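Asks: Provided herewith is a single structure, encoded as structure tokens, for subsequent inquiry.
The values are calculated or read from the model by the stated rules, or taken from the named source; none is laboratory data. Please read these numbers as outputs of a predicted model, since none were measured by experiment. So basically every Cβ, Gly included, is an ideal-geometry build from the backbone, and we count neighbours across all protein chains shown.
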Amino acid sequence: MGSRIVIVGMMGVGKTTVGAQLAQIMERGFSDLDALVCELDSTGRTIGDIIREDGEQTFREMELHAFQSWMENAHYETGVLATGGGLVTQSGARALLQQPDVLVIWLTATVAVLSERLGASPGIERPLLDGGPSLNARMKELIANRYTLYESVADIVVDTTTLNPDIIVQKLWGQISKGKEPCPVS
């Protein structure tokens, strides 16, 4: 299995929480791609500010650049990275995710659970959900657009709908430490 671990999935699925806990139990460094993007921005803006002021396309370019930098940095060869939900929409990112030294974990959850989690986190900016259709409708749209992309890069799939982060991390660590072949974890 890959030495770098990259966690993908929709916003609200638990990538950052699970990634940080998994890195801790595995005694590896942890990075959050959104934080790396913010570090690239010389003005210190948030992701929400970048998207509102410069547009989603500029944000995606910055996101890809930050991801490429993380992948090229020897310091992160054994790191764990939580990505933004839309990273997989970029072909360059998908190519990097499919490298043999990368283990990609795809966290999933039902639309209802994602909407509930996002609604319970009002202090967190989610600019792609601002305005437009209802939260459920927007989440369904994003999932429909990204599902096959997540599927194309995933080595391990975990449905987080009914699992808490501690259980998810235990299951992942059990599978990774035994070197099992990639498969769904339930």
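Asks: Being closer than 27 Å to Ala109 by Cα and among the charged types (D, E, K, R) is the filter here, so list the residues in the stretch 62-87 that pass it.
Replies: Glu63
Asks: Would you mention how many residues in the stretch 63-79 are exposed (fewer than 14 other Cβ atoms within 10 Å of the Cβ) and either touching a helix residue (DSSP H, G or I) at 6+ places or on another chain (Cβ under 9 Å) or modelled with pLDDT of 95 or more (or both)? Please lay out each step first, then the result.
Replies: Just the residues of the stretch 63-79 that are exposed (fewer than 14 other Cβ atoms within 10 Å of the Cβ), to begin with: 68-69, 72-75, 77.
Now narrow it down to the ones that are either touching a helix residue (DSSP H, G or I) at 6+ places or on another chain (Cβ under 9 Å) or modelled with pLDDT of 95 or more (or both): 68-69.
Residues in the stretch 63-79 being exposed (fewer than 14 other Cβ atoms within 10 Å of the Cβ) and either touching a helix residue (DSSP H, G or I) at 6+ places or on another chain (Cβ under 9 Å) or modelled with pLDDT of 95 or more (or both): 2 in total.
Asks: May I pose another question? Just one of (1) closer than 29 Å to Thr161 by Cα; (2) free of Cβ contacts under 8 Å to residues at least 24 places away in the same chain trips up Ser31, so point out which.
Replies: Looking at each condition in turn, Ser31 falls short on (2).
Asks: Just to be sure before I move on: is Ala82 modelled with pLDDT under 90 and of a type in the set (A, V, I, L, M, F, W, C) in the structure I sent? Before the answer, list the steps.
Replies: Working: modelled with pLDDT under 90: no; of a type in the set (A, V, I, L, M, F, W, C): yes.
No; evaluated as a whole, the condition is false for this residue.
Asks: Now a separate question. For the stretch 2-42, how many residues meet the condition of being over 10 Å from the mean Cα position of the chain (by Cα), part of a helix (DSSP H, G or I) and of a type in the set (S, T, N, Q)?
Replies: 3
Asks: Do any residues in the stretch 1-23 that are closer than 20 Å to Tyr147 by Cα and basic (Lys, Arg) have Cβ atoms under 9 Å from those of residues that are modelled with pLDDT under 95 and not in a strand (DSSP E or B), where the two are at least six apart or on different chains, and which pairs are they?
Replies: Close Cβ pairs satisfying both conditions: Lys15/Gly84; Lys15/Gly85.
Asks: Would you mention how many residues in the stretch 82-103 are surrounded by 16 or more Cβ atoms within 10 Å (Cβ to Cβ) and either touching a Gly at 6+ places or on another chain (Cβ under 7 Å) or of a type in the set (S, T, N, Q) (or both)?
Replies: Total satisfying the criteria: 7.
Asks: Of the residues Arg60, Arg52, Arg45, which single one is among the basic types (Lys, Arg), surrounded by fewer than 20 Cβ atoms within 10 Å (Cβ to Cβ) and not in a helix (DSSP H, G or I)?
Replies: Details: Arg60 fails: not in a helix (DSSP H, G or I); Arg52 fails: not in a helix (DSSP H, G or I).
That would be Arg45, the only listed residue that is among the basic types (Lys, Arg), surrounded by fewer than 20 Cβ atoms within 10 Å (Cβ to Cβ) and not in a helix (DSSP H, G or I).
Asks: Just for the stretch 138-172: of the residues that are charged (D, E, K, R) and over 18 Å from Ala82 (Cβ atoms), which one is modelled with the highest pLDDT?
Replies: Applying the filter and picking the extreme gives Glu151.
Asks: Give the stretch 42-77 a look and list any residue that's free of Cβ contacts under 8 Å to residues at least 24 places away in the same chain and within 22 Å of Val88 (Cβ to Cβ), or say none.
Replies: Across the stretch 42-77, the qualifying residues are Ile50, Asp54, Gly55, Gln57, Thr58, Phe59, Glu61, Glu72, Asn73.
Asks: Name the pairs: first residue in the stretch 99-119 and in a helix (DSSP H, G or I), second residue among the basic types (Lys, Arg) and surrounded by fewer than 21 Cβ atoms within 10 Å (Cβ to Cβ), Cβ to Cβ under 7 Å, at least 6 apart or on different chains?
Replies: Once the first residue is in a helix (DSSP H, G or I) and sits in the stretch 99-119, its partners that are among the basic types (Lys, Arg) and surrounded by fewer than 21 Cβ atoms within 10 Å (Cβ to Cβ) give Val111/Lys140; Leu118/Arg126.
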